[in-house]
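In what follows, a single structure is set out as structure tokens and then discussed.
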Amino acid sequence: MEHTAIQSTSAKKHKPAQPFTREEFERVRRVLKKKVQFAQGDVAVAYGALLAGCRFFAGYPITPATETAEIMSRLLPQVGGTCIQMEDEIASVGAIIGASWAGAKSMTATSGPGFSLMQENIGYAAMTETPCVIVDVQRSGPSTGQPTEGAQGDIMQAKWGSHGDYELIALSPSTVQECLDFTIKAFNYSETYRVPVILLADGIIGHTREKIELPEYGDIQIIWRKEPTVPKAEYQPFADDGTKVPAMNVFGTGYHSYITGLTHAETGYPCTDSQPDHHQLVQRLCDKIRDNRKKIIMVERDYENSTRDETVGIVSYGVTTRTVYSAVKTLRQAGTPVNHLRIITNWPFPEQEVAELAGRVNRIIVPELNLGQVYHSVREAVDGRCPVTACGKIGGEMHTPREIIEAINGSAD
Amino acid sequence: MGEYRHRLMDYVREEIMPHRFCVGCGCGTVLNAFVNAVEEIGLEPTKMVCVSGIGCSSWIPSPYFRSDTLHTTHGRPIAFATGVKIMRPDLTVVVIAGDGDVSGIGGNHLIHAARRNIDLSVFMVNNMIYGMTGGQVAPTTPSGTKTSTTPHRNIEPAFKVADLVMTAGATYVARWTTYHVFPLMESMQNAMTRKGFSFIEIISQCPDNYGRRIGKPTANDFLKQFRDDAIRINKTEGMSEEQLDKRIVIGKLCDRERPEYVTQLHEIIREQVAAVKREKTK
Ligand SMILES: Cc1ncc(C[n+]2csc(CCOP(=O)(O)OP(=O)(O)O)c2C)c(N)n1
Ligand code: SF4
Ligand SMILES: [Mg+2]
């Protein structure tokens with residue numbers, strides 16, 4: 001199996017960026033206790049956040065994400081951080097954005113109904129380039145739906161939920177260990193690109209207990225946002241230094257920065273009547289993610305050395321990947337060559353990777369726990385190179401391997 | 001001799017002046033009072049964060065006041081300010097926004113911030129209307145008034161926001177008007193220097209989008225009314241609710257001590273960090 005852009009947790013020794021010192025990391029590790037544990041996905045998310053240096057959490061209880069808030073409220077004070085239960089999810093995102101500008105890595109966790117409420121302020125975070133992490137432990141919708149059942153119904157909302165044009169990053173874990181690892185990655189992306197990052201977990205993985213292994217200092221990369229180096233009088237909070245990701249000041253350090261969700265110039269000041277200024281700003285917000293897609297996009301490929309005519313393709317993501325592993329094994333045993341592409345980074349969407357798969361298979365199926373979301377993105381990327389079939393399932397249960405196999409067999413023309 | 005420069009220009013973002021408020025708008029008066037209050041108590045703008053929402057009144061600090069400023073979404077400044085204050089208890093965090101913002105769409109954040117008694121100063125500019133969007137009815141619009149969305153008449157009673165905030169648990173609550181500039185300034189100083197949730201309801205004028213509709217097209221029309229209708233809180237004894245409803249009760253409505261939220265939060269952190277240290281050395 002080939003991993004693209006996934007750095008294994010034990011790879012290079014990294015020096016964590018300031019202000020998260022080795023001492024602070026060790027303190028978190030002590031608080032988290034045993035290296036190997038049996039834990040829920042929601043708990044692993046909280047552990048990942050603490051290890052990444054998250055020091056502020058604001059949330060509102062909702063099944064199946066509540067456990068993350070519970071763990072954060074217990075452990076954050078032990079490592080010198082703060083946790084607050086806000087009056088709703090709108091306030092939760094507001095508070096984490098405020099805390100981010102006050103110099104903290106910050107996070108909230110929710111599920112569908114809360115994620116819907118958060119959208120306006122997620123757009124604000126995108127517009128003001130505020131690093132923050134939003135965990136969506138997806139459950140069946142629409143509306144209150146099935147609170148205790150997992151789903152993958154918020155994939156499109158994660159990208160298109162707020163109004164206007166913007167890009168953000170969204171990751172889908174499929175194991176409890178990945179809940180931990182990808183939360184750390186989410187913080188790193190968020191700090192690197194000054195962008196809200198969504199962790200698209202789901203109720204199944206959020207509540208599943210599995211073995212996890214906690215990283216040690218140096219095992220993982222911990223990134224802190226780029227801070228301004230120019231003299232204070234010259235600093236502009238939205239000036240492109242050529243990387244499309246401006247340096248970010250911390251409130252209370254003398255920069256007198258002005259931050260607004262209105263269309264703004266590099267100075268931060270509003271310029272809402274100017275078409276070129278708006279275009280330049282929003283284009284940069286999109287480009288800073290699009291230009292770096294190679295660094296951001298993670299997929300897992302499990303491809304065979306078979307001819308296109310005989311090979312079927314499966315595109316999966318998140319918890320559904322686990323069923324697909326089993327279906328792939330059975331299919332291969334029965335003599336059907338399969339190429340499996342697992343998407344880890346849902347947004348930005350791995351168009352090229354999907355297009356490349358389409359060139360190697362005679363058809364693609366897309367199993368997901370909704371009635372067709374990533375299916376549409378896959379079809380767009382495949383662009384007619386081969387037929388694409390949706391294989392949706394809703395109601396709270398995962399696909400059985402048999403259902404996936406039947407969908408593959410049924411999709412043969 | 002150099003060119004005359006007002007001593008308070010250091011507190012405003014001169015580069016984007018002149019401001020965009022309409023002629024006679026109360027927002028200018030509030031900005032003036034605010035800047036004076038900050039100077040009077042010797043607050044360093046570097047040690048302040050101003051947070052505002054969406055509406056004309058939200059433009060008072062952002063962009064015009066020169067501190068770190070977070071101009072947030074409509075109704076949500078108190079939520080954003082909560083995150084700032086928790087992470088930086090050493091900074092003075094001030095929210096300035098309109099009546100629609102703070103008491104309408106953002107009313108729930110207001111109630112809960114007051115209940116927590118978090119150390120924020122919230123200055124709500126109550127012009128009794130949604131000014132920025134062109135004069136629609138607000139929760140604070142007097143009943144009977146014709147606005148662009150109550151063209152027949154407003155059948156809702158006006159929200160007594162300061163009373164609500166007091167009941168919810170704020171430590172300091174006051175109400176003033178743009179006519180009472182000096183007491184307003186003093187009240188702002190009190191609010192910003194004391195610990196706990198402080199709230200000032202500033203009755204203000206929107207001559208353009210409200211005044212024109214109700215036959216008060218100038219600032220003067222409003223200011224005269226504020227002068228005549230205002231009654232000091234200590235003069236209200238024995239007055240019926242009906243009588244009071246016709247007046248603007250001004251002054252300090254409450255000033256009390258209650259445990260402050262962020263202080264307690266950081267006490268918990270100190271306890272917990274110490275407990276972890278003890279465990280380590282055991
Ligand atoms: C979520 C949302 N709803 C509506 C608006 C439109 N809007 C902008 S300002 C405003 C009213 C402002 O009234 P107020 O807060 O009283 O401020 P004023 O302009 O009167 O000072 C509204 C409804 C918005 N920006 N966001
Ligand atoms: S519309 Fe009203 S509140 Fe807004 S600037 Fe003009 S006078 Fe002031
Ligand atoms: Mg108003």
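The values are calculated or read from the model by the stated rules, or taken from the named source; none is laboratory data. Please read all numbers here as calculations on a predicted model, not as lab measurements. Cβ placement follows ideal geometry from the backbone for every residue including glycine, while neighbour counts extend to all protein chains displayed.
General remarks:
- Residue count, region B:192-231 (criterion: within 16 Å of ligand 1 (Cβ to nearest atom) and of a type in the set (D, E, K, R)): 5
- Spans of helices (runs of 4 or more DSSP H) in region A:317-413 with at least 3 residues in contact with a Phe, Trp or Tyr (Cβ under 8 Å, 6 or more places away or on another chain): A:374-382
- Residues of region B:115-137 classified as under 28 Å from B:THR193 (Cβ atoms) and over 13 Å from the mean Cα position of the chain (by Cα), total: 5
- Every pair of residues 6+ apart whose Cβ atoms lie under 8 Å, when the first sits in region B:181-208 and is free of Cβ contacts under 8 Å to residues at least 12 places away in the same chain while the second is hydrophobic (A, V, I, L, M, F, W, C) and within 16 Å of ligand 3 (Cβ to nearest atom): none
Conditions (1) at pLDDT below 95; (2) in contact with a Leu (Cβ under 8 Å, 6 or more places away or on another chain); (3) over 25 Å from A:TYR47 (Cα atoms), marked per residue:
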position	(1), (2), (3)
A:GLY98	no, yes, no
A:ALA104	no, no, no
A:LEU117	no, no, yes
A:ILE122	no, yes, no
A:VAL133	no, yes, no
A:ALA151	no, yes, no
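- The listed residue being within 16 Å of ligand 2 (Cβ to nearest atom), modelled with pLDDT of 95 or more and crowded, with 19+ Cβ neighbours inside 10 Å, out of B:GLY98, B:GLY83: B:GLY98
- Of everything listed in (1) more than 10 Å from every other protein chain (Cβ to nearest Cβ); (2) more than 16 Å from ligand 3 (Cβ to nearest atom); (3) on the phi < 0 side of the Ramachandran plot, the single unmet condition for B:PHE80 is (1).
- Positions within region A:103-127 being surrounded by fewer than 24 Cβ atoms within 10 Å (Cβ to Cβ) and at the interface with another protein chain (Cβ under 8 Å from one of its Cβ atoms), in sequence order: A:GLY103, A:GLU120
- Selection from region B:39-77 of residues that are away from ligand 3 (no atom under 16 Å from the Cβ), assigned to a helix (DSSP H, G or I) and either closer than 22 Å to B:ASN127 by Cβ or facing chain A (nearest Cβ under 10 Å) (or both): B:PRO45, B:THR46, B:LYS47
- Considering only residues in region B:120-155 that are crowded, with 24+ Cβ neighbours inside 10 Å and away from ligand 1 (no atom under 16 Å from the Cβ), the one that is farthest from the other protein chains (Cβ to nearest Cβ) turns out to be B:SER121.
- Test: residue in region B:241-257 that is modelled with pLDDT of 95 or more, in contact with a Gly (Cβ under 8 Å, 6 or more places away or on another chain) and surrounded by 12 or more Cβ atoms within 10 Å (Cβ to Cβ): no
- Residue that is assigned to a loop (DSSP other than H, G, I, E, B) and either in contact with a Lys or Arg (Cβ under 8 Å, 6 or more places away or on another chain) or hydrophobic (A, V, I, L, M, F, W, C) (or both), where the choices are B:ALA162, B:ALA191, B:ALA174, B:ALA170: B:ALA170
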